[in-house]
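The structure appears below as structure tokens.
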Amino acid sequence: MKGLVIKSTGTSYGVYFEDGTIADCHVKGNFRIRGIRSTNPVAIGDYVEVTTNEDGTNWITELYDRKNYIIRRATNLSYASHILAANVDMAALIVTINHPKTSTTFIDRFLATCEAYRVPACLIFNKIDLLNEEELQELATLRQLYESLDYPTYAISALDLASSPDSLITSSPLYDIFHNRVTLLSGNSGVGKSTLLNAIFGKDIARTGAISSAHHKGMHTTTFSEMHQWDDSSWIIDTPGIKGFGLLDVEKEEISHYFRDIFHVSRDCRYSNCIHTGEPGCAVYQAVAKGEIALSRYESYLSILDDTQESKYR
């Protein structure tokens, strides 16, 4: 019977079927080595075939083709990937200017990963109620930068939405992100993913946590990925707090393809195999010097280019 994987605990999977039932399913060990280079060959959002044995146990026996997926480098195996979710219509990165601060490198790595795996992306800037004047200016600058690259951006206070959840349904532009889509919510720990998720549903379905006063970073509250049904045609995927993204199995010459601004300018480089680190006739290097490409974007590109050091994925 065909079902949708909506929950993963690391040892088993919750599979949703058309009749509204959810079954706890397992994956046999040999399924993990059938050409799938990942720590989790079955992921949230996958459509799978489930077989029930005579003893009542449910086993995933087939994985249906994915339209896309989004991955990060696995934390326990430096050369393995971890699939965050499959069949995603929109990947929404929750960003905070402060409390805690989301780095532009993290934002750009997320967006490059989405580009590489053909997942549309947007940025949701949260906790704007906590920002001072200088931070609000930084917010405006970042929104202008990413909107110029055709990434939709939104500025919200999840706490305000949580205090009046109907506003999300009736007037918030976030409605269009989530309605009639499978949307992945991602971000560093502490950026307010769980608070936003609770606001969207109008009830507590995710645990929220405090920010560490010592390090100004969030503490993990979501320990496994889970897919929540918002309405008949809308699902939202909540993921554990992520520390970093990186591109896997990508040639250096290809990395610029996943930076829209750099790729656009790179067509004017003198050499087709230019990697934009100061080669003769490099149009990208010249554009950065002129301020036509944001320095933060270029530095993010260089950080991925330099990812031969495995720790940079974490």
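The values are calculated or read from the model by the stated rules, or taken from the named source; none is laboratory data. All of these numbers come straight from a predicted model, not from anything done at the bench. Heads up, the Cβs are rebuilt from the backbone with ideal geometry, glycines too, and the neighbour counts pull from every protein chain shown. Surface areas here come from the heavy atoms of the whole protein model, side chains and all, with no ligands, DNA or RNA. Shrake-Rupley method; radii C 1.70, N 1.55, O 1.52, S 1.80 Å.
Points worth noting:
- Every pair of residues 6+ apart whose Cβ atoms lie under 7 Å, when the first sits in the range 136-158 and is in contact (Cβ under 8 Å) with a residue 40 or more places away in the chain while the second is β-branched (Val, Ile, Thr): 138/97; 139/97; 139/128; 156/124; 156/128; 158/195
- Residue list for the range 255-266, filter: farther than 18 Å from residue 146 by Cα and at pLDDT 95 or above: 266
- Residues of the range 223-246 that turn out to be at pLDDT 70 or above, among the hydroxyl-bearing types (Ser, Thr, Tyr) and over 15 Å from residue 180 (Cβ atoms), as a count: 2
- In the range 125-148, the qualifying residues are those that are outside any loop (DSSP other than H, G, I, E, B) and of a type in the set (A, V, I, L, M, F, W, C), and the one that is nearest to residue 293 (Cα to Cα) is 145.
- Any hit, the range 114-124, residues being assigned to a loop (DSSP other than H, G, I, E, B), more than 27 Å from residue 5 (Cβ to Cβ) and open to solvent by less than 50 Å² (accessible area, probe 1.4 Å): no
- Being closer than 22 Å to residue 235 by Cβ, modelled with pLDDT of 95 or more and not hydroxyl-bearing (Ser, Thr, Tyr) is a description that applies to residue 87.
- Scanning the range 273-284 for residues being modelled with pLDDT of 95 or more and under 20 Å from residue 104 (Cα atoms) gives a total of 2.
- Flag if residue 63 is out of contact with any Gly (no Cβ under 9 Å at 6 or more places or on another chain), surrounded by 17 or more Cβ atoms within 10 Å (Cβ to Cβ) and more than 30 Å from residue 17 (Cα to Cα): no
This table checks each residue for (1) among the aliphatic types (A, V, I, L, M); (2) surrounded by 14 or more Cβ atoms within 10 Å (Cβ to Cβ); (3) at pLDDT 90 or above; (4) part of a loop (DSSP other than H, G, I, E, B).
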position: 150; (1), (2), (3), (4): no, no, yes, yes
position: 162; (1), (2), (3), (4): yes, yes, no, no
position: 176; (1), (2), (3), (4): no, no, no, no
position: 185; (1), (2), (3), (4): yes, yes, yes, no
position: 190; (1), (2), (3), (4): no, yes, yes, yes
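- Of all residues in the range 23-43, exactly one satisfies the criterion of being open to solvent by 70 Å² or more (accessible area, probe 1.4 Å) and modelled with pLDDT of 95 or more, namely 24.
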